[in-house]
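Beneath this line is the structure, given in structure tokens, with notes to follow.
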Amino acid sequence: MKRTISFLLLLLCLSLLAAPFASAVMPMVTDDASLLSDGERSSLEAMLQQLSDTYSVQIAVVTTDSAEGYNMDSLVEYIYDTYDYGYGTGNDGVLLLIAMDVREFRILSNGFAGDAIGAYEIDAISEAITPDLSAGFYADAFETFAEECEYYLEGYLYGYSFDFSTNLLIAVVIGVVISLIVVLIMKGQLKSVKLQKHANSYVRSGSFNLTQSGDYFMYRNISRTPRPQDNSSGGGSRSGGGGSRHVGGGRF
């Protein structure tokens, strides 16, 4: 319990020290669990600061030795709100919280970042960082976290055109190759026959007897009116205010 109190007091002191400066915010890295070397911490702070400035979204990492039995979802929200993480009036940001005693982590996205990094994206980021967290490669895990945040923020603003076209090209090539293989196999199984001019040559005598006839409609035309699309949120733009919040994570 004393460890948790000291951790929260540390965050409080940092926030009080930042209060007199209008542009000051919580640090990008608060490593209370001492998972990083000085060099790793400096490198991570510089990386997170650059990304945060680029997208006007604070991307931060907090580590603690113990959650002291607190629910991790509640703890990450408490830290984010109490110590005023995030940029702007919408507190736009992404926070990664690591608790070593329970070996759990949580990712919280808020405001504009919550729109860009939703539940699906948090699951994808969690999957990407879990192997390094489990292996104790914390600096690598935090760097991957930052890169994944950049990917989804960039994609939300400008689209995933490069990755989409690349994946589409790969899918088309694979489809063509598979189709070619299937056609070659089918061609190899065909028996050579002589072309007949009349259909009677392909019908076995006495195998077809017409007992009933009728008219049936086999096709119909249906007219549909497209549903109007909302194009208010064009690529490369973001609106002020609003936003959403998402929390996710897991064990490592």
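In table form, for the structure just shown:
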| item | result |
| --- | --- |
| Extension gain (nm, one decimal) between residue 82 and residue 251, 0.36 nm per residue minus Cα-Cα | 58.4 nm |
| 107, 59 arranged by Cβ crowding within 10 Å, fewest neighbours leading | 107, 59 |
| Estimated FRET transfer efficiency (residue 89, residue 176; beta-carbon r; R0 45 Å; 0.05) | 0.30 |
| Which of 183, 29, 94, 247 has the fewest Cβ neighbours within 10 Å, and the rest in rising order | 183, 247, 29, 94 |
| Cα centroid separation, the range 24-67 to the range 69-138 (Å) | 12 Å |
| Additional length obtainable on full extension of the chain from residue 50 to residue 70, 0.36 nm per residue less Cα span | 4.0 nm |
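None of the figures in this text is laboratory data; all of them are computed from the coordinates on show. Please read these numbers as outputs of a predicted model, since none were measured by experiment. All Cβ positions, even for glycine, are placed from backbone atoms using ideal geometry, and neighbour counts span all protein chains on display.
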